[in-house]
Amino acid sequence: MQYMTNGGAGFLPTSAKEVEALGWDYIDVILFSGDAYVDHPSFGAAVLGRVLQSHGYRVAIVPQPNWRDDLRDFRKLGKPRLFFGVSAGAMDSMVNHYTANRRRRSDDAYTPGGKAGMRPDYPTIVYTRILRELYGDSVPVIIGGIEASMRRLSHYDYWQDTLRQSILVDAPADLLMYGMGEKGIIELADSLAAGADITSLKDLPQTARIVPVSEMPEADANNIILHSWMEVKKSKRCQAENFKHIEQQSNRRHGATLWQQIDEGRAVKVTPMYPPMTTEEIDASFDLPYTRLPHPRYRGKTIPAYEMIKHSINMHRGCFGGCAFCTISAHQGKFIASRSKESIIREAKAVINMADFKGYISDLGGPSANMYGMRGNDEGICEKCLRPSCLHPKVCPNLNTDHTRLLDVYHAVDALPGMKKSFIGSGVRYDLSMHVTGNKRIDSANSRYNEELIARHVSGRLKVAPEHTEPHVLNLMRKPEFEQFHAFRDIFHRVNAKHGLNQQLIPYFISSHPGCREVDMAELAVKTQRMNMHLEQVQDFTPTPMTLSTEIYYTGIHPYTGEKVFTAHTQEQKLAQRKYFFWYDSNYHREIINSLKSMHREDLLAMLFPHGFSKAVNSASRLSHNRPGGGHDRNNRNKRNKK
């Protein structure tokens, strides 16, 4: 087995035997993770471990510790010199464990063999409590990762169907580090190594902690006092008003400190985010000596999440799309931090040298595929901006949408020896690449980007995310008008014809999103039917902590307008919407026909079934009577949910 050496090669240790083999008599930092340990820049524990290692710290990782036995995984490495770090993993554990229908999933993509049950619900809370029970206050416990980040203040938990306090109330940690952690974890480690007490680090950027309420100041330009826990649990409007502040400050270049009182004596203090990483800083993180492999302890077992990304390259962080149901900007910020072309080329060469590489990079992208290198033309305007999206409701006139740098990277990667093709598997924002600026050079480059993307970087199917067809739903989603999808589809077909290709454009759609009613799904069915689209990539809206859509779902109020918004909540309401995805399936014809008649929308019925719906009814009736028990096979219906 290969271990970390002084030169940085190999893996970070995960057991007492591996620590002993290194000759260490102490460990500076021990990281507990809900994921398997994969030494790859897409896995948080590996990134933070490598960053700490590059600064001279001794780091060990305990992946997926057993919390149900005698807790030996929490004891085996003893107490670190500086702190314990705790993360649920790359996903919120409840998203990982449960479907949109709150059904337990049977697998876990971040576990060897895809095995379910290797982490608890809310591992951030469970692991932290165990460490406190075993070690008391003798060593700091720091929580981070997506689960902690999105739950740093009061939030709605869909799986418990309740409003919850900051996760710090349930997870007895000294500090919560939200967002991307490289800069913060080094500042923390350096401070503790220099002798600072964890309680003295009250102004460390991008952190949350519980403080005495006496420390909460009066509201001013640098301090925003949110509605207290006592207020938000009584008033959903107060919760909605809080969210507006939280989102705005998460997307500011220089944010304010947020305060929320949680009881008579305590408050949660959330400090502003660090400035976006510079190119040099993000290069330094991606250029660390990752093995790009799962730890040998897994003895060759397949880790599905790793298999998906092992031949992919992430070129930037951040997203300025501001989609209402997405957590990327809340975690990474809206400002783009881009790697240098040289750093990307170095990683591409490392991928090419992997033993199982066959010549194809599966994804040369990022949180959004085509935001690489983009920023404001006038950074001074960006310094003051509060907009959560640079694309909605219209593309910001200050945004530089030039795709030239991105094309340059594509060309450089594709020219490498051993490369056959690089694919773009991340979400492409076609509203960005199609935006007309009036600058002939930029508009020409962006047109060229669309053609090269479609002609050279699609592995047979290009997935895009219009999400819906109806203007008022798309507005709530912060997505572009559906007409833009029409226009991009025309470009896609034109490029395919020009280059003699037979590729597919696969759109993603969501049902039951706030603001969407059953009739809106019927309109969606008609519009996609007219385009001869049989939808595959569909899903019910799942409320996840700290998104605009979730706040509307829970409160029934739009945080920015104060207006009430309808949302489907019951299983009956959600299934009523979902069936329209499958208008082409005779199993659903009778339900659709009856629903449209009850809504007095025979006009939509005629458009959806232009050849007459009596034939559709008879067909559905025959299928129903031929099936044992009759009615709809809901298990088969669930299998059609491809996403």
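The residues listed here are 10, 49, 44, 23; of these, the one that is small (Gly, Ala, Ser), open to solvent by less than 40 Å² (accessible area, probe 1.4 Å) and at pLDDT 95 or above is 49.
For segment 440-452, the criterion of being among the basic types (Lys, Arg), more than 23 Å from residue 402 (Cβ to Cβ) and touching a residue at least 40 places away in the same chain (Cβ under 8 Å) is met by no residue. Entry remark, segment 133-144: residues being crowded, with 24+ Cβ neighbours inside 10 Å and out of contact with any Gly (no Cβ under 6 Å at 6 or more places or on another chain) number 1 in total. Taken as a whole, the condition of being in a loop (DSSP other than H, G, I, E, B), open to solvent by 30 Å² or more (accessible area, probe 1.4 Å) and over 23 Å from residue 324 (Cβ atoms) applies to residue 356. Would you be able to say whether some residue in segment 267-283 is outside any loop (DSSP other than H, G, I, E, B) and within 30 Å of residue 510 (Cβ to Cβ)? Scanning segment 267-283 turns up at least one residue that is outside any loop (DSSP other than H, G, I, E, B) and within 30 Å of residue 510 (Cβ to Cβ).
Here 413, 409, 395 are screened, and the one residue that is at pLDDT 95 or above, farther than 21 Å from residue 437 by Cβ and open to solvent by less than 30 Å² (accessible area, probe 1.4 Å) is 413.
Applying a threshold of 6 Å to beta carbon distances and a minimum spacing of six or more residues, or different chains, the list of pairs starting in segment 207-220 at a residue that is in contact (Cβ under 8 Å) with a residue 60 or more places away in the chain and ending at one that is of a type in the set (Val, Ile, Thr) reads 207/271; 208/268; 208/270.
So, in segment 559-600, of the ones that are among the aliphatic types (A, V, I, L, M) and in contact with a Lys or Arg (Cβ under 7 Å, 6 or more places away or on another chain), which residue ends up farthest from residue 473 (Cα to Cα)? Restricting to residues being among the aliphatic types (A, V, I, L, M) and in contact with a Lys or Arg (Cβ under 7 Å, 6 or more places away or on another chain), the top hit is 592. Residue under question is residue 197, and the condition is that it be under 27 Å from residue 227 (Cβ atoms) and not basic (Lys, Arg); does it hold? Criteria not met by residue 197. The helices (runs of 4 or more DSSP H) found entirely in segment 385-489 that carry 3 or more residues being at negative phi and among the acidic types (Asp, Glu) are 440-456. Please indicate, with yes or no, whether at least one residue in segment 301-321 is of a type in the set (Ser, Thr, Tyr), open to solvent by 40 Å² or more (accessible area, probe 1.4 Å) and farther than 18 Å from residue 478 by Cα. Yes - at least one qualifying residue is present in segment 301-321.
Take residue 568 and tell me if it is under 25 Å from the mean Cα position of the chain (by Cα) and of a type in the set (A, V, I, L, M, F, W, C). Criteria met by residue 568. Among the residues of segment 25-32, at least one is in contact with a strand residue (DSSP E or B) (Cβ under 8 Å, 6 or more places away or on another chain), within 22 Å of residue 304 (Cα to Cα) and not aliphatic (A, V, I, L, M). Scanning segment 506-538 for residues that are open to solvent by 40 Å² or more (accessible area, probe 1.4 Å) and part of a loop (DSSP other than H, G, I, E, B) returns 517, 532, 534, 536. Of all residues in segment 540-563, those being out of contact with any helix residue (DSSP H, G or I) (no Cβ under 9 Å at 6 or more places or on another chain) and open to solvent by 30 Å² or more (accessible area, probe 1.4 Å) number 2. The number of residues in segment 426-460 being surrounded by fewer than 19 Cβ atoms within 10 Å (Cβ to Cβ), under 22 Å from residue 502 (Cα atoms) and at pLDDT 95 or above comes to 6. Total residues in segment 588-634 satisfying the condition of being open to solvent by 40 Å² or more (accessible area, probe 1.4 Å) and either modelled with pLDDT of 95 or more or under 30 Å from residue 514 (Cβ atoms) (or both): the figure is 15. Condition test on residue 339, is it touching a residue at least 12 places away in the same chain (Cβ under 8 Å), among the charged types (D, E, K, R) and crowded, with 23+ Cβ neighbours inside 10 Å? Yes; evaluated as a whole, the condition is true for this residue.
The values are calculated or read from the model by the stated rules, or taken from the named source; none is laboratory data. None of the values given here were measured: they were computed from a predicted structure. For neighbour counting, all protein chains shown are included, and Cβ atoms are generated from backbone atoms with ideal geometry for every residue, glycine included. The accessibility values were calculated without ligands, DNA or RNA, using every heavy atom of the protein model including side chains. Shrake-Rupley method; radii C 1.70, N 1.55, O 1.52, S 1.80 Å.
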